[in-house]
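Trainee: The structure follows.
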Amino acid sequence: QVQLVESGGGLVQAGGSLRLSCASSRTIFSIKTMGWYRQYPGKQRELVATITRGGNTNYADSVEGRFTISGDTAKTTVNLQMNSLKPEDTAVYYCGIRSWSGDYWGQGTQVTVSS
């Protein structure tokens with residue numbers, strides 16, 4: 001069974017940076033996209049950034065220019081560099097990988113940005 005393990009969350013002051021990392025317990029083949037999503041309390045999970053096998057990236061408007069996603073489909077790893085963090089970035093962040101064999105999710109990591 002595939003497990004995605006996230007790391008790098010924590011508490012940071014506004015304007016600071018964090019780097020989230022996600023690694024899979026085994027290689028996932030036929031990946032379509034790898035990405036990061038976040039969820040606010042009582043809200044649905046929303047897209048933060050995705051990257052395709054070909055390296056095309058997509059960002060939510062709210063993080064464009066501040067966050068950078070990178071990944072290696074061969075190693076099934078995906079990272080999110082978050083700069084200029086704002087209090088409204090406070091949420092639980094999830095790694096998600098979509099493949100032809102199914103979708104996989106991490107357990108989530110808390111990011112808290114203090115003002």
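The values are calculated or read from the model by the stated rules, or taken from the named source; none is laboratory data. In this text, all values refer to a predicted model and were calculated from it rather than measured experimentally. So basically every Cβ, Gly included, is an ideal-geometry build from the backbone, and we count neighbours across all protein chains shown. What goes into the accessible areas is simple: the full protein's heavy atoms, side chains included, and nothing from ligands, DNA or RNA. Shrake-Rupley method; radii C 1.70, N 1.55, O 1.52, S 1.80 Å.
Trainee: Using the structure shown, decide if TYR59 is of a type in the set (Ser, Thr, Tyr), touching a Gly at 6+ places or on another chain (Cβ under 7 Å) and surrounded by 12 or more Cβ atoms within 10 Å (Cβ to Cβ).
Mentor: It is false that TYR59 is of a type in the set (Ser, Thr, Tyr), touching a Gly at 6+ places or on another chain (Cβ under 7 Å) and surrounded by 12 or more Cβ atoms within 10 Å (Cβ to Cβ).
Trainee: May I pose another question? With of a type in the set (Lys, Arg), closer than 12 Å to TYR93 by Cα, at pLDDT 95 or above and open to solvent by 30 Å² or more (accessible area, probe 1.4 Å) as the only criterion, which of ARG19, ARG38 stands out?
Mentor: Checking each option against the conditions leaves just ARG19.
Trainee: I want to confirm something. Restricting to the range 100-115 and keeping residues that are aromatic (Phe, Trp, Tyr) and within 17 Å of GLU6 (Cβ to Cβ), which single residue is surrounded by the fewest Cβ atoms within 10 Å (Cβ to Cβ)?
Mentor: Across the range 100-115, the extreme among qualifying residues is TRP105.
Trainee: Just the residues that are within 12 Å of the chain's Cα centre (by Cα), of a type in the set (D, E, K, R) and not in a loop (DSSP other than H, G, I, E, B), please, taken from the range 24-82.
Mentor: Scanning the range 24-82 gives ARG38, GLU46.
Trainee: Turning to a different aspect of this structure: Going through the range 1-16 one residue at a time, which ones are open to solvent by less than 50 Å² (accessible area, probe 1.4 Å), farther than 15 Å from VAL113 by Cβ and assigned to a strand (DSSP E or B)?
Mentor: Once the filter is applied, which keeps residues that are open to solvent by less than 50 Å² (accessible area, probe 1.4 Å), farther than 15 Å from VAL113 by Cβ and assigned to a strand (DSSP E or B), the range 1-16 yields LEU4, GLU6.
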